[in-house]
Amino acid sequence: MNFPTDLKYTATDEWIRVEGDLATLGVSDFAQDQLSDVVFFEATVKVGQRVAAGAQVATLESVKAAADVATPVSGEVVEINQSLPATPELVNSEPYGGAWMVKLKLSDPSELTALLDDAAYQRNTKERGG
Amino acid sequence: MLEPLIYELSTPGRPGHRFPDPDVPRADLPAGMTRKELMLPELSELEVVRHFVRLSQLNHAIDTGFYPLGSCSMKYNPKVNEDAARLPGFAHSHPLQDLSTQQGSLALMFRLQQWLKEIGGFAGVSLQPAAGAHGELSGILMIRAYHHQRGQPQRNKILVPDSAHGTNPATTTMSGLRVVELPSDARGNVDLEALRAECDETVAGLMLTNPNTLGLFEEHVQEVVRLVHDAGGLVYGDGANMNALLGVVRPGDLGFDVLHFNLHKTFSTPHGGGGPGAGPVGVGDQLLDYLPGPVVAELEPETEDLPPLYGLEMPPKSIGRVKAFHGHFGMHVRAYSYIRSYGRSGMRAIADHAVLNANYLMAGLRQTYQVPFDRRCMHEFVAEGRFEFAPEIHALDISKRLMDYGFHPPTNYFPLIIREALMIEPTETESKPTLDAFVEAMLAIAEEARSEPELLKGAPHSTPFGRMDEVQAAKQLVLCCRPAELAPANP
Amino acid sequence: MSYIPHTESERRQMMAAVGVESIDQLFADVPAEVRFPELDLPEPASELEILEELQLLSEANLNTREAACFLGAGAYNHYIPSVVDHILRRNEFYTAYTPYQPEISQGTLQAIFEYQSLMCFLTGMEVSNASHYDGATALAEAAILALNVHQGRRDKLVLTPGIHPQYREVVRTYLQGQPLEIVGDDSLGSRPETYLDERTSLVAVQYPDFFGNIVDYASLAAAAHAVGALVCVVANPIALGLLKPPSEFGADVVVGDGQPLGIPLSFGGPTIGFFATRQEYVRKMSGRLVGETSDSRGQRGYVLTLTPREQHIRRGRATSNICTNQGLMALAVTAYLSSVGRGGLRKVAELCYHKAHYAAEQIAAVEGFQLWNREPFFHEFVIRCPKPPAQLNQHLLDHDILGGYDLGQEYPELEGHMLLAVTELIHKQDIDDLAAALREAVDA
C-alpha cells in the first residue's frame, strides 16, 4: 500500500498536495483498495465555487460502495479533472497521479496543520483494518 | 446467452392474444393525442410460454433447493396460500367497492390485525405498509410525530447499532431525523455504555433488531429498552428476525413501542424474485393513534344472527397514508392462511425448530468456520468465510463454490462488522438430511480451499452462467434493450 | 397443518449434537418473566378446513366477476390472459429470492430487464427501474428524485388536483419530515402555472387525469422547465397503448400503477409502481436496477447494478430507503405485455375508449344526468347525478352493478358527481342495463 511522503491525508482517506497556495486533492491508495473497482466519478462543485473545509467536492461509486469526497481545506475551486469521469478506473490504478480530482486555491493555510502526515495516516489505516 | 430477449423473439405480424371487436359504435379518437409508434413485441402464445418457462429454469428457488440466507427466512411457501389468494371473492374485489360488499376481505384483515397484535404483544396493527422498509418508514415517522405532538421537536436523534441493516439509517434520514451509530460489545450486544452516553434529551428513539443480525438475542434487552425510555425516547423493532421469537417472547412484552413484521419472511408469503412482500406494523399504546391508515375496525359487534360489521378508520393522529388503498391484501390472505395452519401451539414450534436447526448447523460448522461469538445462536448465525491456511480465499469464493453443490449461498458480507461474513439461516422447514448435506458441502469446500483452491476461485463451474462482470455492468449501464435490436415498426 | 419435517428421532439427535436436553434451553437468553407466553390464537387447522373457511370469507364479498364493474379511480377491472398466471405460478419464479446471486437467478434478472425495456418503450423514457410498491409511492419517489436533482436547494413541490387523491396523500406522508411547501391541489380550479418559480423542484400531473380527461401538458411542461423545475407525469399504462407517451410533451419522470397490466384487483394490493426517467437522472433514481453485462464465460447475462445507491446516505438531502421491488408483479406485467403485444395493447385501449364513450352517451341521455368532462376523455368520465351517488349505487347493487366512485368526499366542488370507468370486460348489454337501472333509480 502506497503512502507518498510528500502528501497530507485525512482520516476520511483524502490526500492533499500543496504547492504554494494551490492544493490538489484526491483519494488514497487505501481508499481505492477499500472501494474496489471504481466505476463512476462526478465532481459536485464548479470552477470558481468557494468551498469550506468539510464540504463535499465529488462523489465516487464502485460496485460495492458509494463515497463522498470532501475537501479538508477551504478555498476556491480552480480546476477539476475533466478526464476522470470517462476513466474512473484511474482511481484504482493512479490514485495519486491521473486520478487527482480537484485543485483549490487555499484561503486559510493554517487548516493544513490539522491534517495527518503519511506516517500518522498509515497508522490510522492500520487501526481500520488496513 | 441461453435465452434470447423477448424483443429478439419478436416477429412483425406474429399473431398473439386476440380480443373481441367492439360491440358498441366507435367514437372518434382524440385529435393530435394518439400514439404513432408502440414498440412492444409480437409473439405467439407458445413463444411466450416457452420463453418464460425456459427463463424460470435458470433460477434457483426454494422449490428447487436450500437457501440458507440469513435474515431472509427462506422457508417453504405453502401451496394452499396460493390457492387461497386466488379465490375469486378475493382476487376480483375492487378496493373502492362499498364496504358492505367487502365484509369478507375486511373480516380477514381484521382477524390478521388481531393475530399480529397477539403474536407481537401490541395494542394495534396497521396492515398498510407494503414491505419491511415501508413498515420501517412508518415506524420512524410515527416516532417523530409522537415527539412533535408532545412539543419536543428537538428530539431528532435516532440510535442505530452498527450491525443494523442499511435501510435503518436510510429510513431515518428520509424521515428528517439524524442517525447516531452505536458500537456492539464483545458479545455482540449493543454497547450499554455507548447507549447510556447517547440517551439525552435529543434522543427520539432506538432502532433495534432482536435477535440482531449476528443471530444473537440481545442479552440486556430490557436494560436497553429501559435506558431509552427513561431518556424519553421510544424503541423501534426491526422484525426481520421474528422467526426466532414466535411463541417464545413478544416484542411488546420486552418494551418495544413499534415493530414491523415481514410477512414474506416470518409468515411464509413467497419472495417472488424480489417482491411483493408486506410489512405490517404493530404498536404499543403510546403510538396507537399514529398508525398509518386507514386500518380495519369493528364498527358493530357480532350479534346472535349477524357477524360483526367491519369498516375502515383513520387513527386520530395518523401519520397518514403510506400507500394507495389498503395494503397488500393478497399477502394478507396468505399470511392468514399460514397463521391458521399453525395456530396457538404451532407458533412456538416454528421458533423451536428454526433455532434448533441453526444451532445444529453451527455445531457442525464451527470447527472449520470461525464463529465470532461464543454464544448460543437464535435462528441464524454468522460464520467467517475465510481460512488461516488459505488467505486468498474469501467468503465470495466459498459462496460461489456452494452453487456447484446445488445450494444457494448464505448472505454475504453482512453484517459489515464481521470480516468475510457468511450469515446462515436454515429456517424450520428444512429437514435434517438437507442440513447434513449442507454441512458436508461446506466441509468439502474447506478441504478444497486447502488442496485445490482454484476450484473455489473459478466457481461456479456447473451452473448455466459464470460470475458476472459487475464492473462492466456499472460502467456501461445498459438498462434497456437497444432500439437497433428491435424489429422495425409495422404500420 | 405444519410444514416442519422433523421426526422425534431427528429432533433428539440434533439436540444431542447441539448439547441441550430440552429445546427450552435454547432460549435461555430470553428474560424468564416474559418467556413462552400463551398466545390467544385459534387452534391449528388442516388445509381442508382453512380453504373452507377462506372460501366462506371470500363469498361474503361481491366480486367484479359477479357484478358489472364501473369502478375505476386507480384500480381497473381488465382481462388477464390465462398465460399470465401460469407463468406466475412457475415455482422457480415465485419461490425465488431477490437475485443477488446472478449465476443462479438469470430467470428473474432477465425478466426484470425485459420489464425495464418494456416500460421504457411504453412511457417513451430512456430508463426504467425495476419498480416501486405502487403508483402512489412511485410518485413520492419522483418527488424525492427531483429534490435530489436540485441538491436540496429547492423546497417547493406543485401537485395538481387531477392527481389521484390517495397519491397526493402518500406524497405528503413520505415528505412530512422535510421542510417543504407542497401546493397546487387545494381546489379544483387551481392552475399549476401560478405556483411555478425558482423554488419549485417538481410539478406533477396525471394523464389521463383522475377524472379521465386527456390533457396535453406541453405548455405546462415548457413553463416548468423555464424555471428549472422537473415534470412528473402519473400515467395510466393502458392509455399509453393509445395516447402519445409523456416523453413527447416534456415529461422528465413518468410514474404510475401497473395493475391494469395483468395484475388482479385483489382488494387493492399487491400492485406495482412503475418509474421511468431520463438517462441523466439514473444515479439519482431509487429502486433496483438490472443491467446487461457478460459472465466469465463470455455469455450475455444480467445483474443488479448501481446497488450502492440503494441505501447510501447523502447528507442534507432526502434519501429513499427502498430495498425491494415488486418482483413477481413486474413479471406479471412483462408476461401480459408479451402476450397481448403491440397490437393487443392498442386493441384493449381502443375497446376501453369506445365502450366508455358509448356509456357516457347512454347515461347522459337519461333524464337528470349530465356528462361533466369538457376535455376528451379516455376510459373514465364524470357524471353529474340528480340524486346522491351513494343512493344511486345502493340501487345499482340490487341489479348486480358496481356503480362509480363518489367524488364528493374528496372534491367538494364535485358533490353529487360520480366517476365511472369502462374497460374491455364491460359488454354493451352491461351499459344498457346500467342506463336502465339509473333511469329506474331516478323515477323511483
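Tabulated data
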read-out: Conditions (1) surrounded by fewer than 15 Cβ atoms within 10 Å (Cβ to Cβ); (2) in a loop (DSSP other than H, G, I, E, B): number failed by C:Asp432; value: (2)
read-out: Filter result for C:Gln178 (assigned to a helix (DSSP H, G or I) and either touching a helix residue (DSSP H, G or I) at 6+ places or on another chain (Cβ under 8 Å) or not small (Gly, Ala, Ser) (or both)); value: no
read-out: Count of residues meeting criterion [open to solvent by 40 Å² or more (accessible area, probe 1.4 Å) and not acidic (Asp, Glu)] in the range B:438-457; value: 5
read-out: Matching residues in the range C:247-276 - criterion: being open to solvent by less than 10 Å² (accessible area, probe 1.4 Å), more than 11 Å from chain B (Cβ to nearest Cβ) and over 24 Å from C:Asp85 (Cα atoms); value: C:Ala251, C:Asp252, C:Val253, C:Val254, C:Val255
read-out: Selected residue (only one of C:Thr305, C:Thr324, C:Thr319 is at pLDDT below 95, among the polar types (S, T, N, Q) and in contact with a strand residue (DSSP E or B) (Cβ under 6 Å, 6 or more places away or on another chain)); value: C:Thr305
read-out: Every residue from the range A:46-73 that is open to solvent by 10 Å² or more (accessible area, probe 1.4 Å) and among the aliphatic types (A, V, I, L, M); value: A:Val47, A:Val51, A:Ala52, A:Ala53, A:Ala55, A:Val63, A:Ala65, A:Ala66, A:Ala67, A:Ala70
read-out: Matching residues in the range A:4-34 - criterion: being part of a helix (DSSP H, G or I) and without any contact (Cβ under 8 Å) to a residue 12 or more places away in the chain; value: none
read-out: Residue among C:Asn63, C:Asn77 that is touching a Cys at 6+ places or on another chain (Cβ under 6 Å), closer than 27 Å to C:Tyr336 by Cα, at the interface with chain B (Cβ under 7 Å from one of its Cβ atoms) and outside any helix (DSSP H, G or I); value: C:Asn77
read-out: The range B:29-50 - residue that is at the interface with chain C (Cβ under 7 Å from one of its Cβ atoms) and part of a helix (DSSP H, G or I) and, of those, farthest from the chain's Cα centre (by Cα); value: B:Glu45
read-out: Any hit, the range B:137-145, residues being crowded, with 24+ Cβ neighbours inside 10 Å, in contact with a Lys or Arg (Cβ under 9 Å, 6 or more places away or on another chain), among the charged types (D, E, K, R) and closer than 26 Å to B:Leu288 by Cβ; value: yes
read-out: The range A:35-45 - residue that is within 14 Å of chain B (Cβ to nearest Cβ) and not in a strand (DSSP E or B) and, of those, surrounded by the most Cβ atoms within 10 Å (Cβ to Cβ); value: A:Leu35
read-out: Tally of residues being surrounded by fewer than 24 Cβ atoms within 10 Å (Cβ to Cβ) and either farther than 26 Å from C:Leu419 by Cβ or without any contact (Cβ under 8 Å) to a residue 24 or more places away in the chain (or both) across the range C:202-232; value: 7
read-out: Residue that is farthest from the other protein chains (Cβ to nearest Cβ), among those in the range B:85-106 that are in contact with a helix residue (DSSP H, G or I) (Cβ under 6 Å, 6 or more places away or on another chain) and not in a loop (DSSP other than H, G, I, E, B); value: B:Ala85
read-out: Odd one out for C:Glu21, checked against (1) touching a helix residue (DSSP H, G or I) at 6+ places or on another chain (Cβ under 8 Å); (2) within 30 Å of B:Ala363 (Cα to Cα); (3) part of a helix (DSSP H, G or I); (4) of a type outside the set (Ser, Thr, Tyr); value: (3)
read-out: Residues (within 12 Å of another protein chain (Cβ to nearest Cβ) and farther than 27 Å from C:Gly269 by Cα) located in the range C:135-154; value: C:Leu147, C:Asn148, C:Gln151, C:Gly152
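Residue-wise test of (1) in a helix (DSSP H, G or I); (2) within 13 Å of another protein chain (Cβ to nearest Cβ); (3) within 30 Å of B:Asn77 (Cα to Cα).
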site	(1), (2), (3)
B:Thr269	no, yes, yes
B:Gly279	no, yes, yes
B:Gly282	no, no, yes
B:Ala297	no, no, yes
B:Glu304	no, no, no
B:Pro307	no, yes, no
B:Tyr310	no, yes, yes
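The values are calculated or read from the model by the stated rules, or taken from the named source; none is laboratory data. This one's a predicted model, so the numbers in the text were calculated from it and none came from an experiment. Cβ sites come from the backbone with ideal geometry, for glycine too, and all protein chains shown count toward neighbours. Remember, those area values only see protein heavy atoms, side chains included, never the ligands or the DNA or RNA. Shrake-Rupley method; radii C 1.70, N 1.55, O 1.52, S 1.80 Å.
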